[in-house]
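K.L.:
The following block contains the structure, expressed as structure tokens.
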Amino acid sequence: MKPIQVGLLGIGTVGSGTFEVLKRNQEEIQRRAGRGIQVTMVADLDVARAKSIVGANVQVVDDARKIIANPDIDIVVELIGGYGIAKQLVLEAIEAGKHVVTANKALLAVHGTEIFAAAHKKGVMVAFEAAVAGGIPIIKALREGLTANRIQWLAGIINGTTNFILSEMRDKGLTFGDVLKQAQALGYAEADPTFDIEGVDAAHKVTLMSAIAFGVPVQFDKAYVEGITKLEAQDIKYAEQLGYRIKLLGISKRTPTGIELRVHPCLVPAKRLIANVEGAMNAVMVNADAVGTTLYYGKGAGSEPTASAVIADLVDITRLHTADPLNRVPHLAFQPDAMSSLPILPMVQVVTSYYLRLRVADQAGVLAKVTGILANADISIDAVLQREAGEGESHTDLIILTHDCVESKMNEAIAEMQQLSTVLAPITRIRKEELN
Ligand code: HSE
């Protein structure tokens, strides 16, 4: 049978990995797909560089629309990134009746509703395994492997750059700024590291996972997003003393009143496997009613790990493209007419536990006042740690771990504690998840 013909829009790190792995494993892939899969066209502004990667047998053009216009191309792989031209080209490819594979989490998290609706109307597939956690087949797991379950929550380390930064801060006692420079030199950070360190990249990914876990539309605009730029090395140290590690987590939970969708630094018990995911690695925990808790671990970025996900999508499409669209796996796991309207909860309605660090005057009665405010707010304390004041110091650090409470109550309690004359600096608050 004639091989499936693929056009790559962009041949950077992921595109060249895709080309290389498809070539290297072509026989194995064909045995699985039932048919050959061949990159026959590549569009890239740097035509000379693209030609040096793909050789003479692949047509290289500098205009992506030439791929979309080619009737022989079955699948368009979008590896341009961003919401600009990439969105236009994906919509044009769909309109031209092409199936689309994309690694573009930003595009789908923000414009997914429009793109999936266009694909549904046209009867084509838009596959995006590579958009979340690189080589880890988490989309496949959520959308198909766990399809028997009612998923309760998921929590993931889904940004390698920030996990690398946090690991280095903990291991070497370095500051955030120093490790960021190292991460950039190693090429982990996105072109604009703001997306990594401010939690935006992780929020794009958790938005996609949340949609397929709970069957809700992608709603990146409703996600709570907090990065790691304000994290201090001393909080990592105190957390460690209390038996916790700090990770940047993307979390989504089903509650009776809505879906929690949030990214923020989080204390996690050091004994959990996910707390021991170090460096640029990714991991996602999923808790579901029948299977219990499962954990998926691996490389969340890089040329061949991401290519592994792109090619898995190419194989899926090769197997399914002749099936009636109604018999394919729905884009967001649930049938389009069976999506849930459960709202994304605002952060003030989220229930979680907290780590608080207060710089306080080292005087009698300070602890009583602070705990009194928490008690009045009905916030139960789990543990307290007080740093011994240093020689000649008149202040100290008070670390409090709380049990679960609703965020709005914690906001009020923090505001009240901040008013105390014995609280000498802005209070640090980091959320905590037991993940059990
Ligand atoms: N910049 C991302 C990360 C990789 O650090 O995990 C691609 O999503």
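Computed from the coordinates by the stated procedures, all read-outs in this text should not be read as laboratory data. Fair warning: this is a prediction, and the values are worked out from it, not measured in the lab. Cβ sites come from the backbone with ideal geometry, for glycine too, and all protein chains shown count toward neighbours.
K.L.:
Can you work out the PRE-style zone for Val348? Point 7 Å along Cα to Cβ, and I want the residues of the stretch 363-392 with backbone N under 12 Å.
P.N.:
none
K.L.:
Under a Cβ-only charge scheme (Lys and Arg +1, Asp and Glu -1), can you give me the dipole magnitude of the stretch 349-432 about the Cα centre, in debye to the nearest 20?
P.N.:
Numbers: 8 positive and 11 negative charges, 39 e Å.
The calculation lands at about 180 debye.
K.L.:
Another question, then. Please identify, among Leu398, Leu326, Leu166, the residue showing maximal mean-square fluctuation in a Gaussian network model of the chain using a 10 angstrom Cα cutoff.
P.N.:
Its mean-square fluctuation being the largest, the pick is Leu326.
K.L.:
Follow-up question, since we're still on this one. So how far, in whole Å, is the C-alpha centre of the stretch 267-322 from the one of the stretch 391-436?
P.N.:
34
K.L.:
Output the peptides 155-162, 425-432, 339-346 sorted from most to least packed, where packing is the average of other Cβ atoms within 10 Å over each peptide's residues.
P.N.:
155-162, 425-432, 339-346
K.L.:
Kindly list the residues of the stretch 395-425 that lie in the label zone of Ala389, defined by a backbone N under 13 Å from the point 7 Å along the Cα-to-C-beta vector.
P.N.:
Residues 395-398, 422-424 fall inside that zone.
K.L.:
Is the shape of the stretch 349-432 rounded, prolate or oblate, going by the alpha carbon gyration tensor and its root eigenvalues a ≥ b ≥ c, with a/c under 1.5 for rounded and a/b larger than b/c for prolate?
P.N.:
Cα axes put the stretch 349-432 in the prolate bin.
K.L.:
Could you give the size of the charge dipole of the chain about its Cα centre, using +1 on the Cβ of each K and R and -1 on the Cβ of each D and E, expressed in debye and rounded to the nearest 20? Walk me through the numbers on the way to the answer.
P.N.:
Details: 43 positive and 49 negative charges, 194 e Å.
It comes to approximately 940 debye.
K.L.:
Too long at a 20 Å Cα-Cα cut-off: which of Lys105/Lys140; Lys409/Lys432; Lys222/Lys247; Lys105/Lys230; Lys87/Lys247; Lys2/Lys51?
P.N.:
Exceeds cut-off: Lys222/Lys247; Lys105/Lys230; Lys87/Lys247; Lys2/Lys51.
K.L.:
Here is a further query. Once fully extended, how much extra length lies between Glu232 and Arg359, figured as 0.36 nm per residue of separation less the alpha-carbon to alpha-carbon distance? Provide the component values of the computation, followed by the final result.
P.N.:
On the way: separation 127, 0.36 × 127 = 45.72 nm, distance 1.35 nm.
That works out to 44.4 nm of additional length.
K.L.:
Please build a GNM for the chain, connecting alpha carbons under 10 Å apart, and tell me which residue among Glu27, Glu129, Glu95 fluctuates the most.
P.N.:
Among Glu27, Glu129, Glu95, the largest GNM mean-square fluctuation belongs to Glu27.
K.L.:
When the convex hull of the Cα atoms of the stretch 300-365 is projected onto a plane and the area is averaged over all directions, what value comes out in nm²?
P.N.:
That works out to 10.3 nm², a quarter of the Cα hull's surface.
K.L.:
Which of Val370, Ala415, Ile400 sits closest to the plus end of the dipole of the stretch 349-432, meaning its Cα is farthest towards the positive end, when Lys and Arg get +1 and Asp and Glu get -1 on the C-beta?
P.N.:
The listed residue farthest towards the positive side: Ala415.
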